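Working notes, beginning with the structure itself.
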Amino acid sequence: MSSMSFNASGAASQAWQVHGEALVADAVASKIFAKDNTLWGPDSESEAAVRLGWVEAPAVSSPLVAEILSLRDELRAEGVNHIVLAGMGGSSLAPEVITNTAGVELTVLDSTDPEQVRAALADRLTTTAIVVSSKSGSTLETDSQRRVFEQEFTKAGVDAASRIIIVTDPGSPLDASAREAGYRKVFNADPNVGGRYSALTAFGLVPSGLAGVDIQALIDEAEEAAESLREDAAENIGLKLGAALGGTNPLRNKVVIVDEGSSIVGFADWAEQLIAESTGKLGTGLLPVVADPDSPEVVGGASDVLVVRLVADTESVELAENQVAVSGGLGSQMMLWEFAVVVAGRLLGINPFDQPDVEAAKKAARGLLDARPEAQPANFTDGAIEVRGPQWLGDAATVSDAVQALLGQLPEDGYLSVQAYLDRITHAELAGVRNPLAAVAHRPVTFGWGPRFLHSTGQFHKGGPAVGVFLQITATSTEDLGIPERPFSFGELIEAQAAGDAQVLAEQHGRPVLQLHLTDRSAGVAQLIKVVASLATTHNSNEGN
């Protein structure tokens with residue numbers, strides 16, 4: 001039996017009382033594993049027909065293990081001791097949680113920020129191999145990263161082709177071009193698996209295995225979990241979690257995920273894309289919020305919040321009202337959440353396999369790269385931060401004023417999305433603004449690094465309920481980085497990606513977007529952290545009076 005366990009209270013428990021009998025009677029679990037494409041309604045059938053391969057991913061992926069380990073041994077024998085992964089969305093989020101949980105080093109390059117790309121290039125280049133992962137084979141970010149690594153390998157006197165490994169769907173543009181270029185190895189993934197469900201396919205396993213993870217153990221654990229998840233039984237944990245996520249009434253659509261000793265490192269960051277991109281469409285969906293045990297959302301008790309606690313053992317946890325506790329190893333949890341999210345999709349009445357709104361920001365970014373319009377002048381500059389926003393900024397004259405004006409646009413059932421388009425390694429401390437902003441806003445706050453969130457929660461921002469307000473943070477680069485054989489640089493690319501997303505949110509969806517541009521990265525980050533901390537202190541002082 002699988003080591004997974006589950007417990008629920010309040011609305012999450014009631015959701016099972018309402019939906020559990022029908023989920024079992026309708027044989028939803030066994031039909032999912034039989035790849036029944038009718039479970040999500042007629043409009044979803046064509047997509048579901050080619051997106052259910054993940055249910056057999058452990059078995060299908062098993063033959064890959066020997067190939068991956070053989071390549072790992074070859075590379076190590078050649079002195080290659082550092083693996084870089086160029087990937088976006090599911091292609092990077094799964095390997096990151098797999099390697100972090102295993103305590104194995106993997107440099108995840110999921111950014112177009114020139115300073116983050118430059119840092120990856122400067123790190124042990126002569127003993128590095130890069131895995132370039134793209135399901136479509138045409139992902140702009142990963143193509144740009146591949147080009148610059150190929151150039152720099154060659155400059156360093158390294159045979160570039162021998163250090164580039166490709167993961168892509170069979171027949172993709174990258175599949176053909178990589179073989180023609182003679183790259184070290186091309187791994188084809190199962191084309192019947194969507195990117196966010198690909199953790200246990202070549203996309204999750206190749207970079208993780210090359211980095212040194214015991215990927216066979218991960219697959220075996222997932223396969224064990226699948227055996228219990230396929231059962232049409234009231235004890236099925238996956239059905240219970242799916243009901244808790246998608247079946248509360250009224251819908252608790254802010255899913256606050258908290259790790260409390262699960263031993264899985266960064267699981268919520270992976271689950272964030274799975275949940276948001278699968279469910280955030282047609283004006284509904286679930287917004288995942290990655291939080292800490294003491295975050296305001298966890299203790300706030302808001303009527304639209306469901307708290308999910310990732311724990312070592314659910315039996316030893318005392319649940320507050322409207323909470324869920326889940327335990328299990330990484331392989332079993334990945335299979336469990338993929339299953340539960342498609343069950344939630346059935347209850348929400350949406351297609352959990354498409355992402356109809358992701359392309360809008362990409363299209364806007366491409367348009368801006370082509371047109372190269374002049375940057376809009378700032379409303380005002382405060383220290384190292386240029387501030388841009390529409391009429392609701394009013395007479396704001398400081399960054400503090402502007403942030404408060406944005407929070408003033410928050411609906412009662414809204415959320416604040418903070419989006420930081422800069423080097424997430426060097427400026428990791430910026431994520432610390434999330435908790436104080438949540439305390440001031442009294443609403444859930446998400447924090448995403450751009451542009452990677454565009455392949456993740458970006459779908460919910462545009463396709464989910466139109467209740468978000470957006471704080472976009474961009475930054476000037478001290479030194480830009482060119483992209484070989486492209487008419488734009490990494491700096492121009494990330495600038496266009498940020499501007500394109502802001503344009504779509506504001507102009508197509510009518511959402512408030514506050515843009516803060518840091519003219520000096522270190523000074524601007526420090527200033528913004530200080531501003532937010534001051535807002536929280538003032539707020540707490542006022543609350544205490």
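The values are calculated or read from the model by the stated rules, or taken from the named source; none is laboratory data. No experiment lies behind these values; they were computed from the predicted model shown. Here the Cβ positions follow ideal geometry from the backbone for every residue, glycine too, while neighbour counts run over all protein chains shown.
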Which residues, taken from the range 301-331, are buried (at least 24 other Cβ atoms within 10 Å of the Cβ) and not hydrophobic (A, V, I, L, M, F, W, C)? Gln323, Ser327, Gly328, Gly331
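Only one residue in Val290, Val298, Val343 is outside the structural domain of Gly90 (by TED's automatic domain parsing), in contact (Cβ under 8 Å) with a residue 24 or more places away in the chain and closer than 20 Å to Gly20 by Cβ, so which one is that? So that I can check it myself, show each step before the final result.
Values: Val290 fails: closer than 20 Å to Gly20 by Cβ; Val298 fails: closer than 20 Å to Gly20 by Cβ.
Residue meeting the stated conditions: Val343.
So which of Gly182, Gly266 is without any contact (Cβ under 8 Å) to a residue 24 or more places away in the chain and on the phi > 0 side of the Ramachandran plot?
Working: Gly266 fails: without any contact (Cβ under 8 Å) to a residue 24 or more places away in the chain.
The conditions single out Gly182.
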Can you spot a residue in the range 426-440 that is of a type in the set (Asp, Glu) and assigned to a helix (DSSP H, G or I)? yes
Looking across the range 250-294 at residues that are assigned to a loop (DSSP other than H, G, I, E, B) and acidic (Asp, Glu), the single one that is surrounded by the fewest Cβ atoms within 10 Å (Cβ to Cβ) is Asp294
